[in-house]
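Worksheet: the structure to be examined is printed underneath.
The values are calculated or read from the model by the stated rules, or taken from the named source; none is laboratory data. Not measured: the values here are computed from a predicted model. Here the Cβ is made from the backbone with ideal geometry for all residues, glycine too, and neighbour counts use every protein chain on show.
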């Protein structure tokens, strides 16, 4: 390598690969930390969504993004600090204040109420595309302000994917060069992989993972029910997998609507059967599986299915490459905690990088990165273990265990202090 290449200043101090909800949030969180931050993605990194813009009038099931997130209060606080949550005041979002959980072939159930913990809601359901649109809007606004004030904007490397990773050192500092499918090359001192559960960058950097298939697929779509959802989330544990109804807002400033996003996690054979049904037959199966909740299903949009795997990287840091979000860990969607765990990663990593800068360290310094890994590994593993226990515990079991399970649900429901503690944890 010639001396000109070796001494060339990298394009970024920190490069985030993957501009989904987690990657875009991290870029905004680090935008004013004094480092040159880059964001690289295969998409256009511009505002504009493929689903219908929110409107004040009634909407059809086909106008909702089938991918939604259930955001906790902690995630909402982070997004508010980034100036993103405020934009959602004029978009569709639905707070839910009540959640009911019960199981097939049993009488056990537990209910959670926001009022019991003196909070306005248990969480908020937001369509992925609307939240991502708000994030990209905030990035554009930040760059416009930064340029007007003579500060470095976020560097955006759009419509390209990483195909090769070369790691080197320069004056005793590491530098990574990422070659992309369009022939370009982007270099950085610290590279953060936020490119999803099947992270190409994680593989290129040589991270090892522990993973296995759940033997299930998740079916997602939007439905319209006969009765309003009354800001209530529903979850029923079936022997073939859990089924959730997540309430949606019908439009801007709308009251309780009749649309819900569903996530039906089912054993692969059962999922394939459901995907092969026409709309009327699927609606009937869904109504029966949820015991006619909300008066039954009147309409459903196009269904999408994806296989479910649990995956956890053995390490979150390898040299000057760091994993966040689904690139570091993926869990079963039964509690909707995947994005919330990723946003907790964002906050922890940003805090450690900023603390390192204040202490005179470089962004790729291993000490703050190791602290991030220690801070997040435990909580992520604990949530993964809990989801695995729920998934296995509510699977098909002998009748005696099913009786104990129902008794346990009823006991939690009856014991107010425990129920309140679980409610606070979920928030």
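Quick notes
- Candidates 46, 4, filtered to the one that is in contact with a helix residue (DSSP H, G or I) (Cβ under 8 Å, 6 or more places away or on another chain) and at pLDDT below 90: 46
- Selection over segment 346-367 of residues that are under 24 Å from the mean Cα position of the chain (by Cα), buried (at least 17 other Cβ atoms within 10 Å of the Cβ) and over 23 Å from residue 246 (Cβ atoms) gives a count of 7.
- In the set 225, 232, only one residue is crowded, with 19+ Cβ neighbours inside 10 Å, over 28 Å from residue 28 (Cα atoms) and under 24 Å from the mean Cα position of the chain (by Cα); that residue is 232.
- Matching residues in segment 249-275 - criterion: being assigned to a strand (DSSP E or B) and crowded, with 21+ Cβ neighbours inside 10 Å: 259, 260, 261, 262, 263, 264, 265, 266
- Taken together, 319, 296 contain a single residue that is touching a strand residue (DSSP E or B) at 6+ places or on another chain (Cβ under 9 Å), buried (at least 17 other Cβ atoms within 10 Å of the Cβ) and on the phi > 0 side of the Ramachandran plot, which is 296.
- Qualifying residue in segment 328-348 (condition: assigned to a helix (DSSP H, G or I), touching a residue at least 40 places away in the same chain (Cβ under 8 Å) and over 26 Å from residue 235 (Cβ atoms)): yes
- If you filter segment 153-169 down to residues that are touching a helix residue (DSSP H, G or I) at 6+ places or on another chain (Cβ under 6 Å) and assigned to a strand (DSSP E or B), you find that the one that is surrounded by the fewest Cβ atoms within 10 Å (Cβ to Cβ) is 165.
- From the list 219, 175, 192, 139, the one residue that fits, being farther than 24 Å from residue 353 by Cα, surrounded by 21 or more Cβ atoms within 10 Å (Cβ to Cβ), in contact with a strand residue (DSSP E or B) (Cβ under 9 Å, 6 or more places away or on another chain) and modelled with pLDDT of 95 or more, is 219.
- Any hit, segment 357-373, residues being farther than 28 Å from residue 126 by Cβ, at pLDDT below 95 and in contact with a helix residue (DSSP H, G or I) (Cβ under 8 Å, 6 or more places away or on another chain): no
- Total residues in segment 221-248, condition assigned to a loop (DSSP other than H, G, I, E, B) and touching a helix residue (DSSP H, G or I) at 6+ places or on another chain (Cβ under 8 Å): 5
- The sole residue among 190, 178, 201 that is outside any strand (DSSP E or B) and touching a residue at least 60 places away in the same chain (Cβ under 8 Å) is 201.
- Selection status of residue 209, in contact with a strand residue (DSSP E or B) (Cβ under 8 Å, 6 or more places away or on another chain) and under 27 Å from residue 385 (Cβ atoms): yes
- Checking the stated criteria, residue 31 turns out not to satisfy the condition of being under 30 Å from residue 201 (Cβ atoms) and modelled with pLDDT under 95.
- Checking each residue in segment 276-290 for being assigned to a loop (DSSP other than H, G, I, E, B), out of contact with any helix residue (DSSP H, G or I) (no Cβ under 7 Å at 6 or more places or on another chain) and surrounded by fewer than 16 Cβ atoms within 10 Å (Cβ to Cβ) picks out only 278.
- Evaluation of residue 118 against (1) surrounded by fewer than 16 Cβ atoms within 10 Å (Cβ to Cβ); (2) modelled with pLDDT of 85 or more (one fails), failing number: (2)
- Selected residue (criterion: surrounded by the fewest Cβ atoms within 10 Å (Cβ to Cβ)) from residues of segment 96-108 that are touching a helix residue (DSSP H, G or I) at 6+ places or on another chain (Cβ under 6 Å) and modelled with pLDDT under 80: 107
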